[in-house]
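Right, one structure below, let's go through it.
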Amino acid sequence: MTGKIIVTGSMNMDMVVKTSHIPQPGETVLGGTFFMNPGGKGANQAVAVARLGGEVAFIGKIGDDIFGKQSSQLFDEEGVDTLGILSDAENPSGIALITVDQLGENSIVVAPGANANLEPDDVEQAFSLYPDGKILLIQLEIPMRTVEFAARYAQGKGMTVILNPAPANDLIPELFSLIDIITPNVNEAEVLSGVKITDITSAKEAAESLHKQGVKNVIITLGKLGAALLEEGVFYHIPAPEVETVDTTAAGDVFNGALAVAVAEGRSLKDAASFACRAAAIAVTRLGAQSSIPYRNEVLFSSMA
């Protein structure tokens, strides 16, 4: 028994258009493929944990509408514990509008809806359902006051706190003392560290800056370059498998879910980051958010492993 991973965060319905290029301001692009896919950073990470073999519960808030009901039903089908999901009678479920270009890069606009109404009291109530919680995995698509409360509560219970600081904001440094592992991407790491990342060396400098600010362990995701890991001041570069990118949507969420699973199983951070890189590499070869998330046997036995 590895202990439950509690994911606290957002649930959205993603509305995706795949087209030739991401429009510039004022530009209309004709042609493309449309589909809807359950998403939200929190939900994506919870599904990733479940598919990769972790025991996971989700704490979040949805609207009393068809999108909320669909998301909750899909969680049940994936094996995610949904007792911590609350319904908001006043606000709709979150929506994300996503454009994906022919190179697999994306542009995303999120209307948070009920996610923005997840309060500390909601989280405290839900946490009481999971006395066996071992890891808290949290992101920033819910109010910062709720993020801080959840991190402080989890730390007080002796849980490992993993923060995916997305989207980045100026308030994150206030959380650093509560975080065991922070997992920014390049843009987020640059915002938080003030270091421009252009290669592995500058990624190491950015990670060291975050460590000096109070974060115990730093993992910066570097896309095709893999990840930069600073574990208690010791630096490692974790390479990523070479793949043909189709869609980068949710790649970071897959990385974080995989990382949480590996940490819960007692793997070293270096091994956990490697496992996460392999899982994310598979995800970018597929379209969509949750539809791109691999299963455990794909990661463990993939030829990329």
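A few remarks follow.
- Test result for LEU97, assigned to a strand (DSSP E or B) and either buried (at least 22 other Cβ atoms within 10 Å of the Cβ) or in contact (Cβ under 8 Å) with a residue 12 or more places away in the chain (or both): yes
- Enumeration of residues in the stretch 151-172 that are modelled with pLDDT of 95 or more, part of a helix (DSSP H, G or I) and out of contact with any strand residue (DSSP E or B) (no Cβ under 7 Å at 6 or more places or on another chain): ARG152, TYR153, GLY156
- On the stretch given as the stretch 227-244, residues that are farther than 27 Å from ILE6 by Cβ and under 19 Å from the mean Cα position of the chain (by Cα) total 1.
- Against the numbered list (1) outside any helix (DSSP H, G or I); (2) touching an Asp or Glu at 6+ places or on another chain (Cβ under 7 Å); (3) at pLDDT 95 or above, ASN91 comes up short only at (2).
- Every condition in (1) in contact with a strand residue (DSSP E or B) (Cβ under 6 Å, 6 or more places away or on another chain); (2) closer than 20 Å to LYS216 by Cβ; (3) in a loop (DSSP other than H, G, I, E, B) is met by ASP247 except one, and the failing one is (2).
- For the stretch 11-69, the candidate set comprises residues that are part of a helix (DSSP H, G or I) and charged (D, E, K, R); within that set, the residue that is nearest to ALA154 (Cα to Cα) is LYS41.
- Residues of the stretch 33-83 that turn out to be closer than 22 Å to ALA111 by Cα and either of a type in the set (S, T, N, Q) or touching a residue at least 60 places away in the same chain (Cβ under 8 Å) (or both), as a count: 21
- Within the stretch 289-298, the residues that satisfy the criterion of being buried (at least 23 other Cβ atoms within 10 Å of the Cβ) and either hydrophobic (A, V, I, L, M, F, W, C) or farther than 13 Å from ALA50 by Cα (or both) are ALA289, SER292, ILE293.
- Selection from the stretch 281-298 of residues that are in a helix (DSSP H, G or I) and touching a Pro at 6+ places or on another chain (Cβ under 9 Å): ALA281, ILE282, ALA283, GLN290, SER291
- Unmet requirement for VAL284, which otherwise passes all of (1) within 24 Å of LEU103 (Cβ to Cβ); (2) more than 13 Å from the chain's Cα centre (by Cα); (3) modelled with pLDDT of 95 or more: (3)
The values are calculated or read from the model by the stated rules, or taken from the named source; none is laboratory data. All values derive from a computational prediction rather than experimental measurement. Neighbour counts are summed over all protein chains in view; Cβ atoms, including those assigned to glycine, are modelled from backbone coordinates with ideal geometry.
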